[in-house]
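Just below is one structure, and these are the notes that go with it.
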Amino acid sequence: MTITITAFESSPDRGRGLARDMRVRWALEEAGQPYAVRLVSFKAMKEPAHLSRHPFGQIPTYEEGDLVLFESGAIIFHIAERHAGLLPENADARARAIAWMFAALNTVEPPIVERSMATLIERDKSWYDERLPMLDDHVRVRLGELSKRLGDADWLDGGFSAGDLLMVTVLRRLEGSGLVEEYPNLAAYVARGEARPAYQRAFADQLAVFTDNPSSSR
Ligand SMILES: N[C@@H](CCC(=O)N[C@@H](CS)C(=O)NCC(=O)O)C(=O)O
């Protein structure tokens, strides 16, 4: 059955792979599943056809036969449950990998998103220069804790899992801030994720959307 996901037609990050379709593409590549991509404009994302797939008018979405999913975490969990390679077989190890998926999305991503939203929409506000260091520190708290837990391990809990896939994509959203680089083991962890062949294929495919149509960036 053909899998179809949605991604930005106009790539706001100019193909840096920071939008959340990247994590779904990567999971599908790890699982060895071919997929099609429906590119959507910012206007189309808020129109009825897309809203019937995604109640909040966002990307990514996932379609497979009659199944329509939204939320990158739920999509990756679905892929990981149905295909080998993203969750361990052992029940306890699987539960721990799922805990890392939630940790990436619920505990680590929120302060990172809050910081990146401020850099996007608050730059010209009077409070920005005072607020940014505070937001950086909120991110540092989580990075410090994560760095301590990872230690010198390659992945968060044994072998590579969907928990690592989500955590690496979440940390990548700090690209350009210099914050991840303050924690050399986290920088190496992100680089390890980016070096995986499945990641590289996913990155090249999302970059092609931008390079095929460079004038489409916002
Ligand atoms: N929690 C959602 C967040 C989805 C999300 O924020 N998508 C962004 C792209 S990365 C988007 O569509 N932004 C455009 C908008 O919200 O209008 C998920 O993980 O899938």
Sum up the charges of everything whose Cβ sits under 14 Å from the Cβ of ALA191, counting Lys and Arg as +1 and Asp and Glu as -1, but leave ALA191 out.
-2
Roughly how many Å is it from the Cα centre of the range 1-76 to that of the range 149-206, as a whole number?
21 Å
At a 10 Å Cβ-Cβ cut-off, how would you order MET167, MET22, MET134, MET1, fewest neighbours first?
MET1, MET134, MET22, MET167
Given all pairs of distinct Cα atoms, the range 167-218 yields a Kirkwood Rh in Å of 12.3 Å
Tell me whether the range 105-218 comes out rounded, prolate or oblate; compute the Cα gyration tensor, take square roots of the eigenvalues as a ≥ b ≥ c, and use a/c under 1.5 as the rounded threshold.
oblate
When the chain is treated as a GNM, springs tying every alpha-carbon pair under 10 Å, which of PHE160, PHE102, PHE56 comes out with the largest mean-square fluctuation?
PHE56
State the antiparallel share, in %, of DSSP beta bridges confined to the chain, rounding to the nearest 5.
60 percent
Aspartates and glutamates within cross-link reach of LYS148: Cα-Cα under 17 Å, excluding same-chain residues under 8 positions apart?
ASP137, ASP157, ASP164, GLU181, GLU182
How high is the relative contact order of the chain, in percent, with contacts defined as C-alpha pairs under 8 Å that are six or more residues apart?
29 percent
Over the chain, consider all pairs of different Cα atoms and compute the Kirkwood hydrodynamic radius from their mean reciprocal separation; express it in Å, one decimal.
18.1 Å
Percentage of interatomic Cα-Cα distances in the range 4-110 larger than 25 Å
23 percent
Give me TRP155, TRP127 ranked fewest to most by other Cβ atoms within 10 Å of their Cβ, as a rough exposure proxy.
TRP127, TRP155
When we measure straight from the Cα of LYS125, which aspartates and glutamates land under 18 angstrom away, once same-chain ones fewer than 8 places off are left out?
GLU114, ASP136
What trypsin sites (Lys or Arg not before Pro) does the range 120-199 have in DSSP loop regions with at most 12 other beta carbons within 10 Å?
ARG123, LYS125
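Values quoted throughout were computed directly from the atomic coordinates according to the rules given, and no laboratory measurement underlies them. Keep in mind it's a predicted model, so treat the numbers as computed, not measured. We place every Cβ from the backbone using ideal geometry, glycine too, and count neighbours over all the protein chains shown.
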